[in-house]
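Here the structure comes first, spelled out in structure tokens, and everything after it is commentary.
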Protein chains: 2
Amino acid sequence: MHRTAVKKVVRENVLDANDALAQANRTRFDRAGTYVINMMSSPGAGKTALLERTLERLCTELRLGILEGDVQTTLDADRLARFHIPLVQVNTDPGFGGECHLDANMVHSGLPELPLDEIDLLIIENVGNLVCPAEFKVGEDVRVMVYSITEGEEKPLKYPLMFRSADLVLVNKVDLLEHLDFDMQQFLGHLEAVNPGVRHILTSARTGQGVEEWCAWLQQRLPPRLRE
Amino acid sequence: MHRTAVKKVVRENVLDANDALAQANRTRFDRAGTYVINMMSSPGAGKTALLERTLERLCTELRLGILEGDVQTTLDADRLARFHIPLVQVNTDPGFGGECHLDANMVHSGLPELPLDEIDLLIIENVGNLVCPAEFKVGEDVRVMVYSITEGEEKPLKYPLMFRSADLVLVNKVDLLEHLDFDMQQFLGHLEAVNPGVRHILTSARTGQGVEEWCAWLQQRLPPRLRE
């Protein structure tokens, strides 16, 4: 019990410090007029593939920027390099001991590489993980979760914090629906149970399904001066 | 930099304490003659479904036990209850603040619920996460990783610690191979790059493919007195 109590205090201190740093990031984004999305999911749910579709759709309309979080490698950043937009990779491994999430300080460390004054919309691609990324605010405006239907129906109940903290859930890989034993109504029921009223959009990065709807949702959330 | 250094020291202390507790668990398993598997994967990679297949195959030959790790819910434990074997659920949420992994102390906390002297093989199903579970020894004999091919080819490079620490990789959901753009040779090349010589078995919990081979691998690892 003692050890648990100590851990809890350490954890609360860490989260308090993180909130303060997130607020500092927030102030910086506000000053630059940059709208910020924190995109989260399990490993392999399709965040990067959906980002590619999103950039194809929006890169002529908005000044975009990307902050890529990964434990190791620049593979995701390399995939997005073809868009020739400001992009910074933050690896959580060397400086932070292999963290399983981005925190406000890690995001802060990447900002000097980005010309925020010239970025309307910054998309932060978090580390693939259904638990810890949801605990750490990074100064974002909205949280968008990508969920792959290959992960099963029950995950909202098993990992409620992530699903509860999402402003939008992109239910991805729906092109595989006919090949899986996935009960969409059951999944959506579980999602509604942990985050009542949350919006979801069925997407497929492979076929492009839902990308238009997701980009429309996004554009509606932007400040008036950035809307078409 | 200062903050990073402080975090590193805290982390090393946590891992040192964990190693000591893992050794205590190990001593307890040895005394009981229990062989222990730590099973790890991303969320939704199919650990529980493969466990069901494994229990079907082995429950008449070995005295089995299960320790189920989840952030919340007893859904996985409920799925396995039909086997009527000793089973304990450890939720990482209430007592530990929503941890994204099992550590040695959490496993220790579940052991009083298990009749170890009557268990030949204990399977620990870890929390679904590709990062932190690999950092925490829990006293296991072997680590088995379940990897779903829906997660893409590049994950061994992005999450090397998990793949490197595995004694066996079960490459799961291969029944979906024809419906995915998944390059198996590329994935296996990445796996070999981070964990040279590691054994892998192609499995499908849905069709049963590979279950016989996986159970044979497992039985070969058991102490002589437990082999058929």
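Using modelled amide H (1.01 Å from N, peptide plane; none on Pro or chain starts), what sits under 5 Å from the amide H of A:Thr203, excluding residues fewer than 5 places away?
A:Val171, A:Asn172, A:Lys173, A:Val174
Give me B:Leu114, A:Leu50 ranked fewest to most by other Cβ atoms within 10 Å of their Cβ, as a rough exposure proxy. Each step should come with its number before you reach the end.
On the way: B:Leu114 18, A:Leu50 24.
If I rank by nearby Cβ atoms, fewest first, I get B:Leu114, A:Leu50.
Do the sum for chain B: with -39,500 (n - 2.57) for every DSSP H run of n ≥ 4, divided by all residues, what is the mean residue ellipticity at 222 nm, to the nearest 500 deg cm²/dmol?
That calculation yields -11500 deg cm²/dmol at 222 nm.
Run the dipole for chain A about the Cα centre, Lys and Arg Cβ at +1, Asp and Glu Cβ at -1, nothing else charged, and hand back the magnitude in debye, nearest 20. Kindly include the intermediate steps, with their values, before the conclusion.
On the way: 24 positive and 34 negative charges, 98 e Å.
For this selection, approximately 480 debye.
How high is the relative contact order of chain B? Use alpha-carbon pairs under 8 Å, at least six apart in sequence, and give a whole percent. Please report the intermediate quantities before stating the final value.
Details: 412 pairs, mean separation 55.7, N = 228.
Once normalised by length, the contact order is 24 percent.
Strictly over 24 Å apart at the Cα level, which of A:Lys155/B:Lys155; A:Lys173/B:Lys47; A:Lys155/B:Lys173; A:Lys137/A:Lys173 would you flag in this model? It would help to have the intermediate numbers written out before the result.
Details: A:Lys155/B:Lys155 21 Å; A:Lys173/B:Lys47 20 Å; A:Lys155/B:Lys173 18 Å; A:Lys137/A:Lys173 27 Å.
Long pairs (Cα-Cα over 24 Å): A:Lys137/A:Lys173.
Take the alpha carbon atoms of the range B:10-59, find their center, do the same for the range A:136-150, and report the distance between the two centers in whole angstrom.
If you average the Cα positions of each part, the centres end up 30 Å apart.
Of A:Leu226, B:Ala20, A:Ala134, which is farthest towards the positive pole of the protein assembly as shown's charge dipole, taken about the Cα centre with +1 and -1 on the beta-carbons of Lys, Arg and Asp, Glu respectively?
Towards the positive end, the residue furthest out is B:Ala20.
What does the C-alpha gyration tensor say about the overall shape of the protein assembly as shown? Classify as rounded when a/c is under 1.5, otherwise prolate if a/b is larger than b/c, or oblate. Present the calculation step by step, with values, prior to reporting the outcome.
Numbers: a/c = 1.92, a/b = 1.50, b/c = 1.28.
Prolate is the answer for the protein assembly as shown, as a/c is 1.5 or above and a/b outweighs b/c.
Taking springs between alpha-carbon atoms closer than 10 angstrom, which of A:Leu180, A:Leu51, A:Leu80 fluctuates most in the Gaussian network model of chain A?
Taking springs between Cα atoms under 10 Å, the residue moving most is A:Leu180.
In the neighborhood of B:Leu114, defined by Cβ-to-Cβ distances under 12 Å, what is the net charge if each Lys or Arg adds +1 and each Asp or Glu adds -1?
Working: positive: B:Arg28, B:Arg63; negative: B:Glu68, B:Glu113, B:Asp117, B:Glu118.
Combined, the nearby Lys, Arg, Asp and Glu give -2.
Give, to the nearest whole percent, the P(r) tail of chain A beyond 33 angstrom, counting all Cα pairs.
Values: 3830 of 25878 pairs.
Pairs farther apart than 33 Å: 15 percent.
Along Cα→Cβ, 7 Å out, is where each label goes; now give me the distance between the ones at A:Val142 and A:Met184 in nm to one decimal.
Roughly 2.1 nm, to one decimal.
What is the extension gain from B:Leu226 to B:Arg79, computed as 0.36 nm multiplied by their sequence separation minus the C-alpha to C-alpha distance, in nm to one decimal?
Computed gain between B:Leu226 and B:Arg79 is 50.3 nm.
Testing the spin-label approximation: label points 7 Å from Cα along Cα→Cβ at A:Asp117 and A:Asp30. State their distance in nm.
The answer from the label model is 2.0 nm.
Just to be sure I understand: with springs between alpha-carbon atoms less than 10 Å apart, which residue in B:Thr60, B:Thr92, B:Thr150 has the highest mean-square fluctuation in the Gaussian network model of chain B?
Comparing B:Thr60, B:Thr92, B:Thr150 in a Gaussian network model of chain B, the most mobile one is B:Thr60.
At 7 angstrom along the Cα-to-beta-carbon line, where would the label on A:Gly189 sit relative to the other copies? Give the distances in nm, shortest first.
Copy-to-copy label distances at A:Gly189, shortest first: 4.6 nm.
Once the Cα gyration tensor of the range B:75-122 is found, what semi-axes does its equivalent ellipsoid get, as square roots of 5 times the eigenvalues, in whole Å, sorted largest first?
For the range B:75-122, the ellipsoid semi-axes come out as 21, 15, 8 Å.
With chain B treated as a Gaussian network of Cα nodes joined by springs under 10 Å, which of B:Arg82, B:Arg57, B:Arg164 yields the largest mean-square fluctuation?
B:Arg82
About its Cα centre, what dipole magnitude does the protein assembly as shown give when the only charges are +1 on Lys and Arg Cβ and -1 on Asp and Glu Cβ, stated in debye to the nearest 20?
Details: 48 positive and 68 negative charges, 171 e Å.
The dipole of the protein assembly as shown has a size of about 820 debye.
Short version: ³J(HN,Hα) in whole Hz for each residue of the range A:98-104, in order, from phi by Karplus 6.51 cos²θ - 1.76 cosθ + 1.60 (θ = phi - 60°), x for Gly and Pro, what are they?
x, 6, 9, 7, 8, 10, 4
List the distances, in nm to one decimal, from the label point of A:Pro223 to the label points of the same position in every other copy, shortest first, placing each label point 7 Å from Cα along the Cα-to-Cβ direction.
6.8
Which distances in nm, rounded to one decimal and ordered from shortest, link the label point of A:Gln72 to the equivalent label points in the other identical copies, with labels set 7 Å from Cα toward Cβ?
Those separations, rounded to one decimal, come out as 3.3 nm.
Values in this text are rule-based calculations from the coordinates and carry no lab data. Here the structure is a predicted model, which is why all the values come from computation and not from measurement. Here the Cβ is made from the backbone with ideal geometry for all residues, glycine too, and neighbour counts use every protein chain on show.
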